[in-house]
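The values are calculated or read from the model by the stated rules, or taken from the named source; none is laboratory data. Remember, it's a predicted structure, so these values are computed and weren't measured experimentally. Positions of Cβ are generated from backbone atoms using ideal geometry, with glycine treated the same way; all protein chains shown enter the neighbour counts.
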Amino acid sequence: MNFEIIDFHTHPFMLREQNICNHIDFCNMSPDSTLSVFRELKISTICGSVVCFKNQMFPTLWEKVRCNNDTAMELKQRYGDFYIPGFHIHPGYVEESLAEIRSMHEKGVHLIGELVPYIDGWTDDCLDNLSVLLKEAAKYNMVVSFHTGGHDFLDAMAERHRDIAIVAAHPGECDSVLRHIARMKKYDNCYLDLSGTGLFRYGTLRRLIDEVGADRILFGSDYPTCNPAMFIGGVMLDPLIRDSEKEKIFSLNAKKLLSL
Ligand SMILES: [Zn+2]
């Protein structure tokens, strides 16, 4: 069976400082090579935010957010339908973030994140401010992709925001998988993408599907810090997973969520 594949979790880049590959000097990478890597793997569409670890490059964290979001829009111009941009908001900059949400809505961009608090200098005590932003985003039916740092934080977010789709990133090891499952059982607006750590543990995906169903699990890699080829294999070649389930995970769920 041939599956259409959408990679829900990537971090495309323009500048070297935005490229989070740990082996960058061995990979001959550029914005054009991103396109060819995914085409080669028969991945038709990628989603996600531009990130940058180099906070010292910017006078303020909001200027970093701006730069990453501007780069995402530049890449959208360059890549066309291949790329669904995700944008950043920052709970330390509420007014600026509210304006960004409205502006992105006008541009037709409805994916927030992946948000990665530890990269952008915010922590759990920002939940009240983040809530103001998520309430605004919910008005526009946005989807928020969120790094799994602390499960307690994700639980608190889910408890407060039943009206916005929250996609947690990375299944993680067994304890983490169980926390995702518990949250997804409790809140039907919670999703999980398969990027990063977790999928390589045998039975992870089967357990997720048996516990919460195949409708809220999304294929994702976390390119360029992770290798999308491995994640394709992890779903495509998993003998425990049925074709109908693979089809949902590879593309149908993302299409429904993002109205593609
Ligand atoms: Zn990521």
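Points to keep in mind about this one:
- Tally of residues being more than 16 Å from the ligand (Cβ to nearest atom) and in contact with a helix residue (DSSP H, G or I) (Cβ under 9 Å, 6 or more places away or on another chain) across region 1-16: 7
- Annotation: of all residues in region 140-154 being more than 13 Å from the ligand (Cβ to nearest atom) and out of contact with any strand residue (DSSP E or B) (no Cβ under 8 Å at 6 or more places or on another chain), the one that is nearest to ILE5 (Cα to Cα) is ASN141.
- From VAL51, VAL37, residue being in a helix (DSSP H, G or I) and aliphatic (A, V, I, L, M): VAL37
- Of the criteria (1) without any contact (Cβ under 8 Å) to a residue 60 or more places away in the chain; (2) within 21 Å of TYR118 (Cβ to Cβ), which one GLU40 fails: (2)
- When region 26-78 is filtered for residues that are small (Gly, Ala, Ser) and either within 16 Å of the ligand (Cβ to nearest atom) or in contact with a helix residue (DSSP H, G or I) (Cβ under 9 Å, 6 or more places away or on another chain) (or both), the ones remaining, listed by number, are SER44, GLY48, SER49, ALA72.
- Residue identified as touching a residue at least 24 places away in the same chain (Cβ under 8 Å), in contact with a Gly (Cβ under 8 Å, 6 or more places away or on another chain) and assigned to a helix (DSSP H, G or I) among SER195, SER176: SER176
- Those residues of region 105-129 which are closer than 23 Å to PRO59 by Cβ and either part of a helix (DSSP H, G or I) or within 13 Å of the ligand (Cβ to nearest atom) (or both), in sequence order: LEU115, VAL116, PRO117, TYR118, ILE119, ASP120, CYS126, ASN129
- Complete set of residues in region 133-145 that are surrounded by 14 or more Cβ atoms within 10 Å (Cβ to Cβ) and either over 19 Å from the mean Cα position of the chain (by Cα) or part of a helix (DSSP H, G or I) (or both): LEU133, LEU134, LYS135, GLU136, ALA137, ALA138
- Flag: SER44 does not match the condition of being under 20 Å from HIS9 (Cβ atoms), out of contact with any strand residue (DSSP E or B) (no Cβ under 6 Å at 6 or more places or on another chain), surrounded by fewer than 13 Cβ atoms within 10 Å (Cβ to Cβ) and among the hydroxyl-bearing types (Ser, Thr, Tyr).
- So CYS67, is it part of a helix (DSSP H, G or I) and either under 17 Å from the mean Cα position of the chain (by Cα) or buried (at least 17 other Cβ atoms within 10 Å of the Cβ) (or both): yes
- Residues of region 1-27 that are at pLDDT below 95 and in a loop (DSSP other than H, G, I, E, B): MET1, ASN2, LEU15.
- Yes/no for ALA229 being surrounded by fewer than 19 Cβ atoms within 10 Å (Cβ to Cβ) and either within 16 Å of the ligand (Cβ to nearest atom) or hydrophobic (A, V, I, L, M, F, W, C) (or both): yes
- Selection from region 155-173 of residues that are touching a Leu at 6+ places or on another chain (Cβ under 9 Å), within 16 Å of the ligand (Cβ to nearest atom) and not in a strand (DSSP E or B): HIS170, PRO171
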